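Asks: Right, I'll just put the structure down here and ask away after.
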Amino acid sequence: VRNYSGEGGRTMEVHLLPVKFNKAYADYQACSAKLLPMNFDQIRQGRIGFPGNGIDLDADARARLDLILDFLAADPTVNHIELDGHSDNSGNRLANRDLSRRRAIAVQDYLKAHGVPEENIVVRFHGERYPLAANNSAGNRARNRRVNIQLDRVTPVEKPAAEKPAEPVKEPGVPTTPAPAAAPAPATPAAQAQSAKPAAKS
């Protein structure tokens, strides 16, 4: 039995005995369906090309990014992505630097739109500084218009727990002598006269 969905698209051959063939083949198909098209070593470094000298992702670029997204969904430990944008030497350096930046951002936006957290992505851009090939032909210039992708596993840095502010130290209380009660105010003459009157007989 041959199957073409192995790692990297390589042909896989499995030899089965005719005894209980149906069950064995069904088990093999179920196992094969769970395999990723690539392993980490094969997918950790990739390249997205821009053959049309623009910043838009073509069908090949999206297909490549979809493979990466499938792998990220299957292996959440891969949590760090570095994108490096590049250009050829057409035009001036400032324009090329901006093109390389916009290409890297186009890849970043595609990944973010499909659920990759922005904090997991690092974007850099280099203009024409690091060509893959000499810029002496249309084919070589097309190779240099690219975004390199690097996947990695990075241990998250745990943020220290916020410390509660220390409570101010209370000074020991000083005992105080209670203030003497205020003396009652002297009665007014009218009040004294009123209290001196005998009570009326009923």
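The values are calculated or read from the model by the stated rules, or taken from the named source; none is laboratory data. Every value quoted in this text rests on a predicted model; they were computed, and no experiment measured them. Because the Cβ atoms are built from the backbone with ideal geometry, glycine has one as well, and the counts that use them run over all protein chains shown.
Asks: Looking for something touching a Ser or Thr at 6+ places or on another chain (Cβ under 6 Å) and at pLDDT 95 or above - is there at least one such residue anywhere in the range 107-123?
Replies: For the range 107-123, residues touching a Ser or Thr at 6+ places or on another chain (Cβ under 6 Å) and at pLDDT 95 or above: absent.
Asks: Would you mind finding the one in N39, N22, N89, N53 that is at pLDDT 95 or above and not aliphatic (A, V, I, L, M)?
Replies: Step by step, each of N39, N22, N89, N53 is checked, and only N89 is at pLDDT 95 or above and not aliphatic (A, V, I, L, M).
Asks: For the range 69-120, enumerate the residues that are more than 14 Å from the chain's Cα centre (by Cα), in a loop (DSSP other than H, G, I, E, B) and not hydroxyl-bearing (S, T, Y).
Replies: Residues satisfying the conditions are D75, D88, N89, G91, N92.
Asks: State all residues of the range 121-143 that are more than 16 Å from G46 (Cβ to Cβ), in contact with a Leu (Cβ under 9 Å, 6 or more places away or on another chain) and in a helix (DSSP H, G or I); if no residue qualifies, say none.
Replies: Answer for the range 121-143, where residues must be more than 16 Å from G46 (Cβ to Cβ), in contact with a Leu (Cβ under 9 Å, 6 or more places away or on another chain) and in a helix (DSSP H, G or I): just N140.
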